[in-house]
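Okay, so here's the structure we're looking at.
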Amino acid sequence: MVTPDNLGSRAYNLARGSGGFSIMSFPRTLGELRHSPFSEEQLRSRRVKDELRDNLTAKLRQGGPIFPGIVGYDDTVVPQIINAILSRHNFILLGLRGQAKSRILRALTTLLDAQMPYIAGCEIHDNPYAPICRRCRDGVSQLGDQTPIAYLTQEERYVEKLATPDVTIADLIGDIDPIKAARGGHELGSEMTVHYGLLPRANRGIFAINELPDLAGKIQVGLFNIMQEGDVQIKGYPIRLPLDVALVFSANPEDYTARGKIITPLKDRIGSEIRTHYPASIEEGIAITTQEAWTKRDGYKLHIPKYVQEVIERIAFAAREDKKVDKRSGVSQRLPISCMENVISNAERRAIRHNEKLVVPRIGDVYAAMPAITGKLELEYEGEMKGADHVSRELIRTAIAKTYDGYFKGTDMNQVVQWFDLGGEIQLADTAGAVESLQSLRGIQGLMEKLVKLNVGPKESAETQVSAAEFILEGLYAHKRIGRNEERLFSAGEKPPKVAEKPFDREDTPFRGRRSFN
Ligand SMILES: [Zn+2]
């Protein structure tokens, strides 16, 4: 017995192929369809938003994540999206760049039925029981139960458009195609001569428009009419299409104001407005970057130390706080993702050159990954004056200093600093092989035993030990306790002016005493 309550989950399960129901045995004609789980009672009045709602309800009952792979939104964005779908709303995601907005919108397809029947050959995927286009209405009245049926997968029911000022009504809704008219011998203005735009092609699916305010005002009005009337009209011809589409949008919050580029009536028609955000913690950022970055490379064993992950993530965090970086455009999560990929590549390049079997990124590789950072920063005037390279270097250094403190705050590094103060120097090029670098690093008194804080002992691979020791030196450099030049030669730092400094102060709060003199 089909009740309104189990309609959705039943179709969902059947369409997923449980119960021995495979795509091969799916009904191929309207007659067969009537006697299948896709019955008229089931399908005729089921709108896309009902379908999303039904399948979401089923997923909520099952428990488990609603949108697997969307990290850090479980308590904020996801519940609001769930409410919007349960409310059968069109909705908009408001957020800065690189906050997974497009990704979330695409993930909505997982809430669609696995297979959806439509009248084969229909450009707007007509409902077999209630076709809206002339071609299909004519077809069904001629062929009746012999009308052929085809199916769409979840992904095929998702249409996405990046809004730009040059998008036209014809792109979005459609146009009369004179060539089609001439070929088919139809009158211009006959329904058979319509060239459908993106929106009709998204019929019975999800239509996503990214950066909504970038649409020209006239097009926004058109979109408003569609949401208001529930149907579209093509170029003044009396062709009405009562479409069934779930409309979803994304926008930058700055643009999504009446003062910005959005027209108020359209804004008013969007049911829910949901704010996205950047990862709240370093750990969440690392989880996203680990998931998204391309790290599984052929041929080499890769070990990414935790501190390298933290430094990369903290660059983005530092950039989001830095007043030299434009707050309105934000700093995308793509920054740490691209940076991580470039860091691994630099380490990989070194390993290939030195015929090393293990690839272990170092902090030096983060500096070498600047090309993956600079382009992701929109700079304010002050930043522009200093240049993207300079700003990026400062951000990396800040990220290293904070990460270093997480492991070594309160650790006495005087012996290491003294070695440099007494004239010791070491060059650690990012291209230098692990074995030779380890030799030189071992010469620095007091350094290697500090690696225990990073869980790196003398039995670890040379690659791992070099990376860890270099991290300490970069940390000391970031705190200006030792010096380092562009050629990656570490040496004594510039001495601050002589002041009375209690020797124990430095151990409790390692670097505060010095920092105030910079
Ligand atoms: Zn049709």
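The values are calculated or read from the model by the stated rules, or taken from the named source; none is laboratory data. Quick caveat: nothing in here was measured; it's all calculated off a predicted structure. We place every Cβ from the backbone using ideal geometry, glycine too, and count neighbours over all the protein chains shown. Note: accessible area is taken over every heavy atom of the protein model, side chains too, but ligands, DNA and RNA are not part of it. Shrake-Rupley method; radii C 1.70, N 1.55, O 1.52, S 1.80 Å.
Here are some notes:
- Breaking point among (1) open to solvent by less than 30 Å² (accessible area, probe 1.4 Å); (2) at pLDDT 95 or above, for Gly493: (2)
- Entirely in the range 59-147, the helices (runs of 4 or more DSSP H) that have 1 or more residues that are within 16 Å of the ligand (Cβ to nearest atom) and open to solvent by 10 Å² or more (accessible area, probe 1.4 Å): 134-143
- Unmet criterion (only one of (1) hydrophobic (A, V, I, L, M, F, W, C); (2) within 30 Å of Glu254 (Cβ to Cβ); (3) open to solvent by 30 Å² or more (accessible area, probe 1.4 Å)) for Leu172: (3)
- The set of residues in the range 457-480 that are surrounded by fewer than 20 Cβ atoms within 10 Å (Cβ to Cβ) and either part of a loop (DSSP other than H, G, I, E, B) or β-branched (Val, Ile, Thr) (or both) comprises Gly457, Pro458, Lys459, Glu460, Ser461, Lys480.
- For Arg349, the test of being outside any helix (DSSP H, G or I) and either of a type in the set (Lys, Arg) or surrounded by fewer than 22 Cβ atoms within 10 Å (Cβ to Cβ) (or both) is failed.
- When the residues of the range 148-166 are filtered to those that are more than 16 Å from the ligand (Cβ to nearest atom) and either touching a Cys at 6+ places or on another chain (Cβ under 7 Å) or hydroxyl-bearing (Ser, Thr, Tyr) (or both), the one that is modelled with the lowest pLDDT is Thr164.
- When we screen Gly330, Gly285 for residues that are in a loop (DSSP other than H, G, I, E, B), crowded, with 19+ Cβ neighbours inside 10 Å and either touching a residue at least 12 places away in the same chain (Cβ under 8 Å) or aromatic (Phe, Trp, Tyr) (or both), the only hit is Gly330.
- Residue check: Glu283 meets all listed conditions (1) within 30 Å of His125 (Cβ to Cβ); (2) out of contact with any helix residue (DSSP H, G or I) (no Cβ under 7 Å at 6 or more places or on another chain) but one, namely (1).
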